[in-house]
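The values are calculated or read from the model by the stated rules, or taken from the named source; none is laboratory data. The structure presented is a predicted model; accordingly, all values stated were derived computationally and were not measured. Cβ: placed from backbone, ideal geometry, glycine included. Neighbour counts: every protein chain shown. Accessible surface areas use protein heavy atoms only, side chains included; no ligands, DNA or RNA. Shrake-Rupley method; radii C 1.70, N 1.55, O 1.52, S 1.80 Å.
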Amino acid sequence: MIYEKFAEITDDRIVAALIGMPKAKFTALTKRFESASLEIDRERVLNGEIKQVKQGGPKGYLDSPEKKLFFILFYLKTYPTFDVLGFHFGLSGGHAHAHVDKLLPVLGRVLSNLNLMPLRQPTDSPEFRQALEKYKHIAIDGVECPCVRPQDDSAQKEHYSGKKKDIR
């Protein structure tokens, strides 16, 4: 389906629009992706999560490391719903979700091994300050989410955000 069309593309601009990187980097990343996937499967066997690494049986549409890597990069670049993702790859929405859950840690392992994983969640205050020193300008995007209002007037005042007139 979609991977076969992708394999024929030679224009790096279109490839980058689909997966966020040129085809040469994609090809280089594929071998590391395959080894990280096997490494994670072996760890799961050692931890007792699975009995053995899958070897035979039906392969499904995502039957190669290239297709799996393309699937997860396409998902992260375009961020479609699981139903749309499944439609493009010949899967149900539930199977698309299951594949994303399985392949995201593999990609994370590859990027961590290559020291390309961005710092997302500092664990303590000094680590957060050190991360802030790298950047001159920071924009914080915050949204106030509404809550279900309690029926009791005193309880409503506790949840008042200050955005509208005082509740009396």
So what are the range 16-90's ellipsoid semi-axes, whole angstrom, largest first, if each one is the square root of 5 times an eigenvalue of the alpha-carbon gyration tensor?
25, 16, 11
Could you give me the percent of Cα pairs per 5 Å distance bin for the range 74-132, shortest bin first, beginning at zero and ending with the bin that holds the maximum distance?
4, 17, 18, 16, 14, 13, 9, 5, 3, 0
Between the range 78-130 and the range 41-60, what is the separation of their alpha carbon centroids in Å?
21 Å
Only four residue types carry charge here, +1 at the Cβ of Lys and Arg and -1 at the Cβ of Asp and Glu. Report the dipole size of the range 1-92 about the Cα centre in Debye, rounded to the nearest 20.
140 debye
Accessible area of the range 20-72 with a 1.4 Å probe: how many percent of it is carbon plus sulfur?
52 percent
Per residue, how much accessible surface does the chain expose to a 1.4 Å probe? Answer in Å², no decimals.
76 Å²
Calculate the radius of gyration of the Cα atoms of the chain to one decimal place, then report Dmax, the largest Cα-Cα distance, as a whole number, both in Å.
22.3, 68
Anyone know which of Glu49, Glu66, Glu158 comes out most mobile in the 10 Å Cα GNM of the chain?
Glu158
